[in-house]
1. Arg195: surrounded by 13 or more Cβ atoms within 10 Å (Cβ to Cβ), not aromatic (Phe, Trp, Tyr) and not in a helix (DSSP H, G or I), yes or no?
2. Checking Phe158 against (1) at pLDDT below 90; (2) over 14 Å from the mean Cα position of the chain (by Cα), only one condition comes out false. Which one?
3. When you scan region 81-109, how many residues do you find that are surrounded by 18 or more Cβ atoms within 10 Å (Cβ to Cβ), within 29 Å of Ala163 (Cβ to Cβ) and either in contact with a helix residue (DSSP H, G or I) (Cβ under 6 Å, 6 or more places away or on another chain) or modelled with pLDDT under 80 (or both)?
4. If you go through region 146-154 one residue at a time, do you hit one that is touching a residue at least 60 places away in the same chain (Cβ under 8 Å), closer than 18 Å to Ser98 by Cα and in the same structural domain as Phe103 (by TED's automatic domain parsing)?
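The values are calculated or read from the model by the stated rules, or taken from the named source; none is laboratory data. Keep in mind it's a predicted model, so treat the numbers as computed, not measured. Cβ coordinates were reconstructed from backbone atoms using ideal geometry, including for glycine residues, and neighbour counts include every protein chain displayed.
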Amino acid sequence: MKQVWRWLRPAVLAIAGIVYVALGYLASASNHPPILAVAVGAIPFVAGVIAACWNSNFRLPAMGLCIACLVAIGLNIDVLISHASWLYFIQHAGAMGSLFIMFGSTLRTHEGALCSRIARIAIAEPLDAHYLHYTWRVTLAWTIYFLSSALISVGLFFLAPLAIWALFAAVLTPVFLGLMFAGEFLIRLRALPGRPHFSIAQTIQSYRQYTMQRGAATEPRAPHNPSTDS
């Protein structure tokens, strides 16, 4: 059974991805989208907000406000559906802008560049100066990509027909992301021959591990009580 699932899993994930992209395009390109398309498309945004509230230093008030907002949205679902394109626009442009800031803010040094940190986690060994210079340039490339995507998203949303913006945001953005990952991997094989390499899947896994480590490092620690020491 496990072997069958191993072969079926890529196909299931591919079909799920295509369905999600199709629903996202329908919801963002129409002034009156189907409620299912809006609900599915809002999942990443809602999940991100809930995660941010849960990891906040003010967890209880933040979660209470989050639940109140979700209830208010549920009671006014018709308004949300009639403005679904704005929801998708804020989600897309906001994500691209946030990633631009995240990557760009780490460009001060080669060692501190985000892709350098991800590479150290994936390879699990020190990286030399040449490797760190390459990962810094990769961080710069991603920074430029996310900034360009955010600017294009804003420009198309306000200046082009809604269907054109929806095509870029819901369909072309996942394609461009895949091309960026694949292109960087092929360039790395050529630019760093004979060096340790890691797959696209390992890159994503290392990024998740990095974000978890960063979140754990920012969590407030309980004050030390000397009276408990023996």
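1. yes
2. Condition not satisfied by Phe158: (1).
3. Qualifying residue count for the region: 12.
4. Here is the first cut: in region 146-154, the ones touching a residue at least 60 places away in the same chain (Cβ under 8 Å) are 153-154.
After this cut, where a residue has to be closer than 18 Å to Ser98 by Cα as well, the list is 153-154.
Narrowing further to those that are in the same structural domain as Phe103 (by TED's automatic domain parsing): 153-154.
Yes - at least one qualifying residue is present in region 146-154.
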